[in-house]
Amino acid sequence: MKGQDEFLEDREDNQLCRCKWCNLKNKKYVDYHDREWGFPEYDDHNLFELLVLESFQAGLSWECVLNKREDFREAFDNFDLEKICGYDEEKIQKLMENRKIIRNRRKILATVNNAGIFRSIQQEYGSFSKYIWSFTCQKVIYEIGKASSELSDQISKDLKKRGMKFVGTTIVYAYLQSIGVIYSHEEECFLYKKE
């Protein structure tokens, strides 16, 4: 990854081909595409943050959520799992009044609910990373042009069975792409690779 960062420091944004969905006019989006999306993630804190953000994306664009990422971090105590597990009605109301984030009560409540389930999965597997990567035996899946798959169906079903909300197969597929379980950089993209 360090080699990737060194390479990206020298990049000229408009000279590299990227995935078609990447808005080249949005530096946050370009940096997310170049440095984060599709790269294997194993840190539970980052895995939780991305799961929360993906759940807020439901019905919206990822760019909209990404633009508010820093505001989400501030509002949700930097995605501190233990703090979020303890959110009460007063904190939820405070979030509902925060104009900097997406103020959807169902999604906020789902975040609190999902935090508790995320923690229980950590306790069961040793880490959420071990859980999520166990579905592919720690292997990256290379595929392009899909919005869901048998893998996302399976994980979605398991997370719902455990009680998670806003984890339908399309959200889970996007999540798996974001954390690098599924690698989906397009053929024209400078980050494309088959395996």
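For residues that are of a type in the set (A, V, I, L, M, F, W, C), in contact with a Phe, Trp or Tyr (Cβ under 6 Å, 6 or more places away or on another chain), under 23 Å from GLU74 (Cα atoms) and without any contact (Cβ under 8 Å) to a residue 60 or more places away in the chain, tally how many sit in segment 97-127. Break it down into steps so the answer makes sense when it comes.
From segment 97-127, those of a type in the set (A, V, I, L, M, F, W, C) are 101-102, 108-110, 112, 115, 117-118, 121; that's our starting set.
Then keep just the ones that are in contact with a Phe, Trp or Tyr (Cβ under 6 Å, 6 or more places away or on another chain); that gives 101-102, 110, 112, 118, 121.
Add one more test, that the residue is under 23 Å from GLU74 (Cα atoms), and what stays is 101-102, 110, 112, 118.
Restricting the remaining residues to those that are without any contact (Cβ under 8 Å) to a residue 60 or more places away in the chain gives 101-102, 110, 112.
Qualifying residue count, segment 97-127: 4.
Just to be sure I understand the filter: pairs with C-beta atoms under 7 Å, separated by 6 or more residues or on different chains, first member in segment 128-139 and open to solvent by less than 50 Å² (accessible area, probe 1.4 Å), second member of a type in the set (A, V, I, L, M, F, W, C) and outside any helix (DSSP H, G or I). Which pairs pass?
ILE132/VAL181; TRP133/VAL181; THR136/VAL181
Pairs please, first residue from segment 23-41 and in contact (Cβ under 8 Å) with a residue 60 or more places away in the chain, second anywhere and open to solvent by 20 Å² or more (accessible area, probe 1.4 Å) and of a type in the set (Gly, Ala, Ser), Cβ atoms under 8 Å, 6+ apart in sequence or on different chains.
none
Condition first: modelled with pLDDT of 95 or more and touching a strand residue (DSSP E or B) at 6+ places or on another chain (Cβ under 7 Å). Can you find one or more residues in segment 82-90 that meet it? Before the answer, list the steps.
From segment 82-90, those modelled with pLDDT of 95 or more are 82-90; that's our starting set.
Subset that is touching a strand residue (DSSP E or B) at 6+ places or on another chain (Cβ under 7 Å): none.
The answer is no, given that none of the residues of segment 82-90 is modelled with pLDDT of 95 or more and touching a strand residue (DSSP E or B) at 6+ places or on another chain (Cβ under 7 Å).
For segment 100-156, which residues satisfy the criterion of being under 16 Å from the mean Cα position of the chain (by Cα) and of a type in the set (S, T, N, Q)?
THR111, ASN114, SER129, SER148, SER152, SER156
One line per residue, one yes/no per condition, for (1) part of a helix (DSSP H, G or I); (2) under 22 Å from TYR42 (Cα atoms); (3) among the β-branched types (Val, Ile, Thr):
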residue: ALA110; (1), (2), (3): yes, no, no
residue: GLN138; (1), (2), (3): no, yes, no
residue: GLY145; (1), (2), (3): no, no, no
residue: LEU151; (1), (2), (3): yes, yes, no
residue: ASP158; (1), (2), (3): yes, yes, no
residue: PHE190; (1), (2), (3): no, no, no
residue: LYS193; (1), (2), (3): no, yes, no
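The values are calculated or read from the model by the stated rules, or taken from the named source; none is laboratory data. Source: prediction; values computed, not measured. Here Cβ is always computed from backbone atoms with ideal geometry, including for glycine, and neighbour counts include all displayed protein chains. With ligands, DNA and RNA removed, areas are computed over all heavy atoms of the protein, side chains included. Shrake-Rupley method; radii C 1.70, N 1.55, O 1.52, S 1.80 Å.
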